[in-house]
Amino acid sequence: MRNINVLNDYFVRYLFSSPDSNPILLDFINSTMLDSNMKTFRSVEILTPFNYKENYQDKETIADVKCITQNGTVVIIEIQLQGNSRFPERILYYWASNYSKLLKHGEKYDALTPVISINLLNFNLDDSNNIHSCYMIYDTINNRLLTDHLQIHIIELRKFKYNLLKPDLNCWLKFFTMKEKDNKEVIMSDLVKEKPIMEEVQKRYNNFIKDRLMMNEYDKREAYLYGNQIMLEEERRLGIEEGEKNKAISMAKNMKDRDMDLNLISELTGLSIEEIKKL
């Protein structure tokens with residue numbers, strides 16, 4: 001039986017956004033809420049139904065999963081495999097984009113409802129040990145909550161260690177941190193014992209890998225993501241090299257202004273004598 005990357009966003013959309021996925025999606029959302037001591041929900045309606053065929057180039061403009069709860073709260077779920085220190089701004093932008101769409105022209109502000117953003121990151125956003133962080137808007141003096149309309153959850157999967165979270169979310173993160181080489185049958189068997197909904201998750205996983213059309217789309221998405229990763233790594237490498245070159249040029253200019261020996265400047269900066277003469 002073939003193993004797959006369970007963080008592939010095509011698979012995640014199949015898992016959470018298929019027509020009969022509501023119980024699975026609701027459980028994941030409520031598990032996240034419980035871990036932050038937030039109120040849970042009774043039901044959800046999927047707003048972004050799973051589609052076999054997707055345009056990957058348009059992926060960056062939409063949420064992976066979007067639903068609305070029984071009280072009108074909108075929940076968006078994003079899977080992100082790569083990022084940097086500016087990623088919080090991207091999260092906030094996505095949240096704001098979804099919040100602004102709630103109000104139609106001429107409607108009053110009391111028509112607005114909360115928007116909850118849940119972000120599963122497969123990279124470390126910072127050096128803290130926090131696996132799951134929940135952000136809201138509070139007064140900096142007395143910690144008074146301004147509004148409950150903004151709620152942003154960031155889950156950093158690479159920091160995950162068993163049993164550091166509340167049981168429900170802990171179980172979900174065990175699933176999402178499975179590696180392709182792991183024995184998923186053994187892991188899923190244990191998860192089913194911990195959490196009954198995982199039996200349905202296991203069924204959907206098995207159905208997915210047996211479906212030739214979906215696996216074809218999965219492979220396309222994996223290739224697309226791999227290509228993006230290679231490009232990002234190359235951009236970072238070139239950026240580092242350019243930064244080091246600029247630093248060396250700046251040092252050489254300062255040394256040259258002080259009439260230091262060109263050979264010594266070359267030895268200290270790595271620049272050639274000809275490059276230094278042109279500065």
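The values are calculated or read from the model by the stated rules, or taken from the named source; none is laboratory data. As the structure is a computational prediction, the values presented were derived from the model and not from experiment. Cβ: placed from backbone, ideal geometry, glycine included. Neighbour counts: every protein chain shown. Keep in mind that these areas ignore ligands, DNA and RNA; they rest on the heavy atoms of the full protein, side chains included. Shrake-Rupley method; radii C 1.70, N 1.55, O 1.52, S 1.80 Å.
For the peptides 64-73, 43-52, 104-113, the ranking by mean Cβ contacts within 10 Å, running from highest to lowest, is 64-73, 43-52, 104-113. Evaluated at q = 0.27 Å⁻¹, a Debye calculation over the C-alpha positions of the range 120-165 (equal weights, vacuum) places log10 I(q)/I(0) at -0.92. Need one word for the range 1-126: rounded, prolate or oblate. Basis is the Cα gyration tensor (sqrt eigenvalues a ≥ b ≥ c); a/c below 1.5 gives rounded, then a/b vs b/c decides. Judged from the Cα gyration tensor, the range 1-126 comes out rounded (a/c under 1.5). Extension gain, SER85 to LYS245: 0.36 nm times the residue separation minus the Cα-Cα distance gives 55.3 nm. Ranked by the mean number of other Cβ atoms within 10 Å per residue, highest first, peptides 136-145, 204-213 order as 204-213, 136-145.
Legend: residue pairs LYS247/LYS278; LYS174/LYS203; LYS53/LYS174; LYS39/LYS195; LYS245/LYS277, Cα-Cα distance threshold 25 Å; pairs beyond threshold, LYS53/LYS174.
Counting 0.36 nm for each residue step from ARG212 to LYS278 and taking away their Cα separation leaves a gain of 17.6 nm.
Of all DSSP beta bridges confined to the range 86-172, the antiparallel ones make up roughly 45%. Per atom type, the chain shows carbon and sulfur on 51% of its accessible surface, probed at 1.4 Å. By the rule of a C-alpha distance below 23 Å, with chain neighbours fewer than 8 residues away ignored, the lysines paired with LYS101 are LYS59, LYS66. For ASP20, ASP148, ASP259, ASP9, the ranking by accessible surface with the largest value first comes to ASP259, ASP20, ASP148, ASP9, using a 1.4 Å probe.
The Rg/Rh ratio of the range 69-134, with both radii computed over alpha carbons and Rh defined as the Kirkwood radius, is 1.06. Solvent exposure of the chain amounts to 58 Å² per residue of accessible area, where only protein heavy atoms count and the probe is 1.4 Å.
Gyration tensor analysis over the Cα atoms of the chain returns equivalent ellipsoid semi-axes of 43, 26, 19 Å (largest first, whole Å). Set the Cα radius of gyration of the range 157-197 against 2.2 N^0.38 Å, with N its number of residues, and you get 1.10.
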